[in-house]
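K.L.:
Have a look at this one before I ask anything.
Bear in mind that the values in this text are calculations on the coordinates, not laboratory data. The structure presented is a predicted model; accordingly, all values stated were derived computationally and were not measured. In this analysis, Cβ positions are derived from the backbone assuming ideal geometry, glycine residues included, and neighbour counts consider all displayed protein chains.
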Amino acid sequence: MTVESLNRQRVVHLLDAFARGDIEAALACCTDDVDFLTHAPVDVLPHMVPRHGKGELRELWQTIWSRYSEVRYKAPHILADGDEVATYMHTYFRKRSNDRIVQFDMAVFYTFRGGLVAQIREIIDSYDLVQQVLEREIGPLITGAGVDGV
């Protein structure tokens, strides 16, 4: 088995553990000093600030699971090159508050060290995500349309 196929399997294992709500199993796939960064608007999603270490990542994942009752994903593209793995995913989160599904696409990049995930970088379609989380169109807020009679 190549390091690429092994690391690809490791990413799938981490994703599957997270999707079933097994945060500790997902964290077991990571180094103690795992570094997490996502490109999301933290003024709307304040829990998505950069995280460093298993403790901070656990806190983030617990916050997500406190807000969502179900997480599913489809990963049509998982590419590995040595200790780096890139994924393109369709994700589905069911809101606890009203059972609505928030779905968005994301690219996630993983870097391995010693067989464990040392770095996670996410790129999310945050415009679409924010609209779904807030459950309203945000275009008028951005452009100023409809504000003050405009």
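K.L.:
Using Cα atoms only, what is the angle between the long axis of helix 54-67 and the major principal axis of the chain, expressed in degrees (0 to 90) to the nearest 10?
P.N.:
40
K.L.:
Further, regarding this structure: Given points 7 Å out from each Cα along the Cα-Cβ axis, report the Met1 to His77 separation in nanometres with one decimal.
P.N.:
2.5
K.L.:
What is the P(r) of segment 3-139, as percent of Cα-Cα pairs per 5 Å bin from 0?
P.N.:
2, 10, 19, 25, 22, 13, 6, 2, 1
K.L.:
Same structure, new question: Using each residue's phi in segment 81-92, evaluate 6.51 cos²θ - 1.76 cosθ + 1.60 at θ = phi - 60° and report the 3J(HN,Hα) Karplus result to the nearest Hz, with x for Gly and Pro.
P.N.:
9, x, 8, 10, 10, 10, 10, 10, 10, 9, 10, 9
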